[in-house]
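What follows is a short report on a single structure.
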Amino acid sequence: MDAYELITRNADEVVTEDEVRELANDPDGKRVYVGYEPSGVLHLGHLLTANKLIDCQNAGLEVVVLLADVHAYLNGKGTFEEIREIAERMRAQFLAYGLDEERTEFVYGSAYQLDEGYTLDVYELELSTTLNRAQRAMAEIQSGDTAKVSHVVYPLMQALDIEYLDVDLAVGGLDQRKVHMLAREGLPELGYDVRPAIHTPIIADLTTGDGKMSSSEGTTISMEDSTDELEAKVNSAFCPQTRDPEGDLENPVLELFEYHVFPRFETVTVERPDQYGGDVTYDSYESLATDLESGELHPADAKSTLAAHLDELIAPGRELLAEMNE
């Protein structure tokens, strides 16, 4: 797999392909970033973009992780003291999950977002951005149902982060698309370069296959989950053997294999008694998905295999949290 394929695999959208291909052709010294609100224990939503950062590191890019403490404060996630304590825990969890410490820079937003130059640029974007445009950019990621003034400033700051972190590529979930489009429109007005962006998919709700997996409703998997808790969640997951003919529902079990397991394991072995076909090893997501949908692979066997592999991925973070809590 070449650098471009590695950087873009499993992406839902690449903006633009030509810009990212140029980056992949000369990755030396180039930087990619994701920003995370320090608001709790890492869960599969965080780890999906972390997988993309690991891909980018393997393709030769340097990684910047923004621990967005000011953003979290604006989104009502606690006091600065509480947020920064969580941020340090998240930093340790990302490294435990597999980011290369020597090639990963962790930056607090407050390290530069309170400086005069940044603040004046925020004001400039406020002058050139309509209220509706800012609200649309923030709608999918704000906390609570009532929009506040801080919520419309939030996406303007995200746009400026791309410039002030001196990065060459922005990565985020598909819910960040409007923010990245705002950045591509707004940064040139301030004399700054446009950067490409990669958007990762949103995993469907674990129990229904509808909507998106939500940590707020307790339907996601986090580094805090024990092996038993993880197995229980996966075993209760929605996993139809046939595709929804209307295309409204997804199979979250297959999505977790595609976006979390196969990017981190070269092969996946399903262990089964001989009477049920014996062990079978898959070297690609497509072959596993085909067997599940054809009936060659039973959903129960797929789920037990998924749980075992996810447990292996999050175990280092779980152990780290246990040590930090002692």
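Just checking, how many residues over region 158-212 are at positive phi and not small (G, A, S)?
Of the residues in that region, 1 qualify.
The conditions are (1) assigned to a loop (DSSP other than H, G, I, E, B); (2) farther than 29 Å from A92 by Cα, and R264 fails exactly one of them. Which is it?
Going through the list (1) assigned to a loop (DSSP other than H, G, I, E, B); (2) farther than 29 Å from A92 by Cα, R264 breaks only (2).
Hey, can you tell me all the residues within region 112-142 that are more than 19 Å from A72 (Cβ to Cβ) and among the β-branched types (V, I, T)? Can you show your working first?
Quick first cut of region 112-142, residues more than 19 Å from A72 (Cβ to Cβ) only: 116-117, 120-121, 123-133, 135-136.
Result: T129, T130.
Go through region 100-201 and tell me which strands (runs of 3 or more DSSP E), entirely inside it, have 1 or more residues that are under 30 Å from G60 (Cβ atoms) and among the acidic types (D, E).
Per the criteria, 104-108.
Within region 216-235, is there a residue that is under 15 Å from the mean Cα position of the chain (by Cα), buried (at least 21 other Cβ atoms within 10 Å of the Cβ) and not polar (S, T, N, Q)?
yes
Could you look through region 177-215, keep only residues that are of a type in the set (S, T, Y) and closer than 19 Å to G35 by Cα, and pick out the one that is modelled with the highest pLDDT? Working first, answer last.
Initial filter on region 177-215 (of a type in the set (S, T, Y)): 192, 200, 207-208, 214-215.
The next check asks that each one be closer than 19 Å to G35 by Cα; those that pass are 200, 214-215.
Values: T200: 97, S214: 69, S215: 61.
Restricting to residues being of a type in the set (S, T, Y) and closer than 19 Å to G35 by Cα, the top hit is T200.
Given the structure, is D55 closer than 24 Å to V107 by Cβ and either crowded, with 21+ Cβ neighbours inside 10 Å or over 13 Å from the mean Cα position of the chain (by Cα) (or both)?
Values: closer than 24 Å to V107 by Cβ: yes; either crowded, with 21+ Cβ neighbours inside 10 Å or over 13 Å from the mean Cα position of the chain (by Cα) (or both): yes.
Against the criterion (closer than 24 Å to V107 by Cβ and either crowded, with 21+ Cβ neighbours inside 10 Å or over 13 Å from the mean Cα position of the chain (by Cα) (or both)), D55 qualifies.
Just to be sure before I move on: is P245 modelled with pLDDT of 95 or more and either of a type outside the set (D, E, K, R) or not assigned by TED's automatic domain parsing to the domain that holds E88 (or both) in the structure I sent?
When the stated conditions are applied, P245 does not pass them.
So for region 7-19 (the condition being under 15 Å from the mean Cα position of the chain (by Cα) and either surrounded by 21 or more Cβ atoms within 10 Å (Cβ to Cβ) or within 17 Å of R103 (Cα to Cα) (or both)), does at least one residue qualify?
Yes; the residues of region 7-19 include at least one that is under 15 Å from the mean Cα position of the chain (by Cα) and either surrounded by 21 or more Cβ atoms within 10 Å (Cβ to Cβ) or within 17 Å of R103 (Cα to Cα) (or both).
Identify the residue in region 128-176 that is among the basic types (K, R) and farther than 22 Å from G191 by Cα and, among all such residues, is modelled with the highest pLDDT.
Filtering region 128-176 for residues among the basic types (K, R) gives 133, 136, 148.
Subset that is farther than 22 Å from G191 by Cα: 136, 148.
Details: R136: 87, K148: 83.
Restricting to residues being among the basic types (K, R) and farther than 22 Å from G191 by Cα, the top hit is R136.
Does T119 count as outside the structural domain of D311 (by TED's automatic domain parsing), without any contact (Cβ under 8 Å) to a residue 40 or more places away in the chain and among the β-branched types (V, I, T)?
Taking the combined requirement at face value, the residue satisfies it.
Answer yes or no as to whether R91 is assigned to a helix (DSSP H, G or I), at pLDDT 95 or above and on the phi < 0 side of the Ramachandran plot.
Yes; evaluated as a whole, the condition is true for this residue.
Scan region 227-256 for residues that are touching an Asp or Glu at 6+ places or on another chain (Cβ under 8 Å) and not polar (S, T, N, Q) and jot them down.
L230, E231, K233, F238, R243, D244, D248, L249, E250, P252
Which residues, taken from region 1-37, are basic (K, R) and without any contact (Cβ under 8 Å) to a residue 24 or more places away in the chain?
The one that is basic (K, R) and without any contact (Cβ under 8 Å) to a residue 24 or more places away in the chain: R21.
Identify the residue in region 122-138 that is among the aliphatic types (A, V, I, L, M) and either surrounded by 19 or more Cβ atoms within 10 Å (Cβ to Cβ) or free of Cβ contacts under 8 Å to residues at least 24 places away in the same chain (or both) and, among all such residues, is farthest from E312 (Cα to Cα).
Top of the filtered list is L127.
The values are calculated or read from the model by the stated rules, or taken from the named source; none is laboratory data. Everything numeric here is computed off the predicted structure, so don't read it as measured data. Neighbour counts run over all protein chains shown; Cβ positions are idealised from the backbone, glycine included.
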